[in-house]
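Visitor: Okay, handing you the structure first.
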Amino acid sequence: MDYLCFRALCCKGPPPARPEYDLVCIGLTGSGKTSLLSRLCSESPEHVVSTTGFSIKAVPFQNAVLNVKELGGADHIRKYWSRYYQGSQGVVFVLDSASSEGDLETARSELHSALRHPQLCTLPFLILASHQDKPAARSAQEVKKYFELEPLARGQRWILQPCSLGDVAALKDSFSRLIQLLEEKDQEAARV
């Protein structure tokens, strides 16, 4: 009896490893990249400082671990983003849905460049329209139309999700949907 109990408790072996996916997270300065990633990691977003170069966070989920390489969004840093794309399996693009027209146009241009980039154009994209809790926030439909996502990203796998720091459940759900796209891409690659 003791042997069976011991065997049941100790001899099962380690749980199966969760798959890990390497993501790149881009967006303009102030779009909310660092704050949103901090919330996903259950860190306090109160003392968040904008990323000036890049940072990497391992974001654990029940069925996967996302290694997110967040790139700073300042003008002088954006020109180097492409140097960090290699090895990425997915893209998180964060835009401030309550930003000025000028910043929104810059974000649109950067997203279009990312969607067309040879190292990213076949990858799943999660596009987060942040700051939805602000009065000037644009809806997901307005963002989709302004960013011309339907014609530009036709055939690509992408998710557009409105979000705010106050709604962590919706944020986690959008990343879970991205994990599903990453798993589908893995399954397709295994079949080839």
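The values are calculated or read from the model by the stated rules, or taken from the named source; none is laboratory data. Only a predicted model underlies this, so the values are computations on that prediction, with no experimental measurement involved. All Cβ positions, glycine included, derive from the backbone under ideal geometry; neighbour counts span all protein chains shown. What goes into the accessible areas is simple: the full protein's heavy atoms, side chains included, and nothing from ligands, DNA or RNA. Shrake-Rupley method; radii C 1.70, N 1.55, O 1.52, S 1.80 Å.
Visitor: Extending each Cα 7 Å along its Cβ direction at R177 and S55, get the distance between those two points in nm, one decimal.
Guide: Each label point is offset 7 Å from its Cα along the Cβ direction, giving 2.6 nm.
Visitor: Also, I was wondering about something else. Extension gain K79-R191, at 0.36 nm per residue separation less the Cα-Cα distance, in nm? Intermediate values should be presented prior to the final figure.
Guide: Numbers: separation 112, 0.36 × 112 = 40.32 nm, distance 3.64 nm.
Extending this stretch completely gives an extra 36.7 nm.
Visitor: In a shell of Cβ-Cβ distance under 11 Å around L28, excluding L28 itself, what net charge do Lys and Arg (+1) and Asp and Glu (-1) give? Each step should come with its number before you reach the end.
Guide: Details: positive: K33, R78, R108; negative: D75, D96, D103, E105, E110.
Once positives and negatives cancel, what remains is -2.
Visitor: Using a 1.4 angstrom probe on the protein heavy atoms only, could you order K172, K145, K185, K79 from most to least accessible area? Walk me through the numbers on the way to the answer.
Guide: Details: K172 85, K145 170, K185 60, K79 140 Å².
Greatest to least solvent exposure: K145, K79, K172, K185.
Visitor: Counting each DSSP H run of 4 or more residues in the chain as -39500 (n - 2.57), what helix-only mean residue ellipticity at 222 nm follows after dividing by all residues, to the nearest 500 deg cm²/dmol? Spell out each step's value before the answer.
Guide: Details: 7 runs with 72 residues, N = 192.
Taken over the chain, the calculation gives -11000 deg cm²/dmol.
Visitor: Let me ask you something else. If the label point is 7 Å along Cα→Cβ of V168, which residues in segment 52-82 have backbone nitrogen under 19 Å from it?
Guide: Counting only backbone N, you get 57-68.
Visitor: Measuring with a 1.4 Å probe in the full set of protein chains, what accessible area per residue, in whole Å², belongs to the chain?
Guide: Result: 55 Å² of accessible area for each residue.
Visitor: Over all alpha-carbon pairs in segment 20-190, figure out the percentage whose distance exceeds 29 Å.
Guide: Above the 29 Å cut-off, segment 20-190 has 10 percent of its Cα pairs.
Visitor: If you don't mind, another one. Please go through segment 38-84 and write out the GluC sites (Glu not before Pro) that DSSP classes as loop and that have at most 16 other C-beta atoms within 10 Å. Before the final figure, lay out each step's value.
Guide: On the way: sites: E43, E46, E70; in loops: E43.
Here the GluC sites (Glu not before Pro) that fit, given the DSSP loop and packing criteria, are E43.
Visitor: Of the accessible area of the chain, with the probe set at 1.4 angstrom, what percent is carbon plus sulfur?
Guide: After summing per-atom areas, the C and S share lands at 52 percent.
Visitor: D103 to A136: extension gain in nm, 0.36 nm per residue of separation minus the Cα-Cα distance?
Guide: 10.5 nm
Visitor: Once ligands and nucleic acids are excluded and a 1.4 Å probe is used, how much of F175 is accessible, expressed in Å² to the nearest 10?
Guide: Accessible surface of F175 is approximately 0 Å².
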